[in-house]
Amino acid sequence: MKIILVAGARPNFMKVAPIIRAIKTRQNNTAIEYRLVHTGQHYDANMSESFFDDLGIPAPDYHLNAGGGSHSEQTAKIMVAFEKVCLDEAPDVVLVVGDVNSTLACSIVAKKLLIKVAHVEAGLRSFDLTMPEEINRMVTDAITDYFFTTEKHGNENLLREGKSDGSIHYVGHVMIDNLLFQHAKVLNTEATSFSNHDLKKSLGNYLFLTLHRPSNVDNEARLLDIVEALNQVAEETPILFPVHPRTRKMLDSFGIRMSERIVQLDPLGYQEALYLWKDALCVFTDSGGLQEETTGLGVPCFTIRDNTERPVTVEEGTNTLIGTTGSNILAAYGGLKKGHVKTGSMPELWDGKAAQRIVDILIDDVIS
């Protein structure tokens, strides 16, 4: 069996890495091989050789260099380049992860070439069609053959959309596989080797922030409201903030200034970020992945969004959906000061073995 694994951005590689490690454990007694494709959807200067070493995987077999342009231009470039890879490699399965444009583009190409599609993180829904990711999720799942879900809500969404029960597999979450793998490495690394060790040590208690979603940062009034609230929070408790390039651009464009107690950092590598947020009093974020990862390590998380496609993190985990207003941010922080903190629990099957389950299911179905 030959599998093509598709990744378009750094977080995708974090999800694919456990699957590659699981494949390698089966290669001694199973006829299985893989090719790793980087579509180049997002350019990332931090994706050096050491990045792949940290993940425990080799560099990609193919780099499509298909980044840049509008959503449509990017999707088209990926499709054209990926079709050539599929024709050359003739895989049995194309496995895509998440909800980026690469997920959608490569699924369409594979399906039209009569290649089976496996979607990791299938069935997640925010029910917000203004989110490009929601369109990518829905279209990908419309043509997927193997649905690998991270939470039971995903199963329910897919069944409601008419997918067959036999094609839906609740396997846990590869992002948690990666988190547990990386967390062990961070704990075994000398703390002084992290670039922000001295900063972290000097701050004592601190909060951790990520903010990049277009609905939050592209709207001047909303971004100003959020920043003014965070500035107030920072007067009491400093905030570490690795600034996304998009957010940096909009802050500068709107002339919005942050408190000096919001320590603005350059974008961080995975282990550097984990080293910081794992010990934060809480995380403020509008990311999808951090909602899950904070639940994985039991760190309180306040999500600056009106909806989430990851409801299990709210129902069982440490995540609280607080909306996008400054007043809600201040209320969440006020509750934190009073000790109103969700402890949460680890969702079922978030045990670091999701990738093994995925590979076993594909082997049993394709080879058997």
Comparing 177, 165, 286 in a Gaussian network model of the chain (Cα, 10 Å), the one with the largest mean-square fluctuation is 165
Gaussian network model of the chain, Cα springs within a sub-10 Å range: biggest mean-square fluctuation belongs to which of 80, 37, 312?
80
Taking the simple approach of a point 7 Å from Cα along Cα-to-Cβ for both residue 220 and residue 28, what is their distance in nm?
6.3
Which residue, 349, 330, 114, tops the fluctuation ranking in a GNM of the chain built on C-alpha contacts under 10 Å?
114
Which value in deg cm²/dmol, rounded to the nearest 500, describes the helix-derived mean residue ellipticity at 222 nm for the chain, given -39,500 (n - 2.57) per DSSP H run of n ≥ 4 and division by the residue count?
-13500 deg cm²/dmol
Value of relative contact order over the chain, rounded to a whole percent, pairs C-alpha under 8 Å and six or more apart
15
If you average the C-alpha positions of segment 146-203 and of segment 270-336 separately, how far apart do those two centres end up, in angstrom?
14
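Every number here is computed from the coordinates shown, using simple stated rules; none is lab data. These figures come from a predicted structure and were not determined experimentally. No Cβ is skipped: glycine too gets one built from the backbone with ideal geometry, and neighbour counts run over all protein chains shown.
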